[in-house]
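Undergrad: One structure, pasted below without further comment.
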Amino acid sequence: MREYSKISPQFWIGNTGKQIKKLGTEAQLIALYLMTCPHANMIGIYYLPIMFIVHETGIPFEGASKALRSLSEVGFCSYDPQMEYVWVHEMALYQIGKQLKRNDNRVRGINETIKNLPNLAFLPRFFEKYKDIFYLENLTQTPSPLEAPSEPLRSQEQEQEQEQDKKIFMSGKPDADPLCEKNSELKTQAHEVLNFLNAKTERAYRPVDTNLKLIIARLKSGATVMDCRQVIAKKTREWKSDAKMSEYLRPATLFNATKFEQYMGELVQLKEETQ
């Protein structure tokens with residue numbers, strides 16, 4: 001997480017800033033949030049589900065969504081709703097500068113950051129805007145590390161836990177493939193649950209089939225969105241401060257068929273944590 005962000009006075013007196021002012025205070029707050037939030041980086045392209053905005057600004061989901069659309073319309077940012085990534089158009093200029101030298105170490109860092117991004121609709125526009133001043137390499141999309149993460153070194157206990165997960169998944173009671181039925185209502189609910197998990201754990205699990213199908217399977221088996229939120233809240237409270245156990249605050253563990261039923265049996269009323 002960055003220690004600070006640069007914000008130009010033009011935010012208040014520039015043409016875009018004046019347009020944002022007309023959008024209202026919620027839009028102004030979210031514009032400032034986009035430039036200063038803990039998820040942002042120096043190039044201004046980063047993963048940001050709307051639930052992150054809701055959780056960290058206190059603005060309701062509807063208001064946050066409307067403000068984000070309005071900020072896109074005035075040219076302050078672009079948002080990829082499918083991938084849940086945002087691009088703050090001028091952020092790289094303010095955080096990095098208007099021109100780098102070719103041998104500047106930041107040139108390599110910028111290009112590495114771009115290579116690790118998923119396929120985003122606005123990446124070609126970013127490339128055209130900054131390719132000359134930041135010496136960007138040819139834009140070629142490679143799989144994001146979020147899509148195909150490399151396995152870190154694990155302790156023996158962690159390896160045993162992972163192996164146990166695999167055995168459960170490969171046991172005689174495998175999950176059906178719920179995504180093939182394309183139940184839009186369940187998928188929407190699964191997105192809500194995953195966003196809640198990210199907000200509670202300060203993680204960035206993406207809404208890909210690998211994560212969503214586990215949640216949808218639990219919903220199809222009779223669990224409600226509130227049940228899922230309560231499990232997340234309880235396990236986050238128990239595990240988040242434990243360096244070893246916090247690793248298992250992930251969809252593959254929380255929504256595993258056998259383990260989820262165990263966690264459901266442990267539930268107490270956690271309404272104040274799931275609001």
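Undergrad: What chymotrypsin sites (Phe, Trp or Tyr not before Pro) in the range 1-83 are in a loop by DSSP, with at most 11 other Cβ atoms within 10 Å of the Cβ?
TA: TYR4
Undergrad: A follow-up question, please. Taking the range 176-264, how much of its Cα-Cα pair set, in percent, is spaced more than 23 angstrom apart?
TA: Cα-Cα pairs of the range 176-264 separated by over 23 Å account for 14 percent.
Undergrad: In debye, nearest 20, what is the charge dipole magnitude of the range 10-130 about its Cα centre with +1 on Lys and Arg Cβ and -1 on Asp and Glu Cβ, if you could check?
TA: That gives a dipole near 500 debye.
Undergrad: Still on this structure: Which three extents, in whole angstrom, do the alpha-carbon atoms of the range 79-126 cover along their principal axes, largest first?
TA: Rounded to whole Å, the extents work out to 35, 20, 15 Å.
Undergrad: Which trypsin sites (Lys or Arg not before Pro) in the range 65-109 sit in a loop by DSSP (not H, G, I, E or B) and have at most 13 other Cβ atoms within 10 Å of their own Cβ?
TA: LYS98, LYS101, ARG102
Undergrad: Sticking with this one: Considering only DSSP states other than H, G, I, E and B, which GluC sites (Glu not before Pro) in the range 35-87 qualify as loop sites with at most 10 other Cβ atoms within 10 Å?
TA: When the GluC sites (Glu not before Pro) of the range 35-87 are filtered for loop state and at most 10 Cβ neighbours within 10 Å, nothing remains.
Undergrad: Which shape class, rounded, prolate or oblate, goes with the range 1-65 when its Cα gyration tensor gives a ≥ b ≥ c as root eigenvalues, a/c under 1.5 marks rounded, and past that a/b bigger than b/c marks prolate?
TA: Values: a/c = 2.20, a/b = 1.09, b/c = 2.02.
Here the range 1-65 falls in the oblate category.
Undergrad: Against the empirical 2.2 N^0.38 Å scaling, what ratio does the C-alpha Rg of the range 10-130 come to?
TA: 1.06
Values quoted throughout were computed directly from the atomic coordinates according to the rules given, and no laboratory measurement underlies them. Treat the numbers as computed from the prediction; the structure is a model and nothing was measured. Here Cβ is always computed from backbone atoms with ideal geometry, including for glycine, and neighbour counts include all displayed protein chains.
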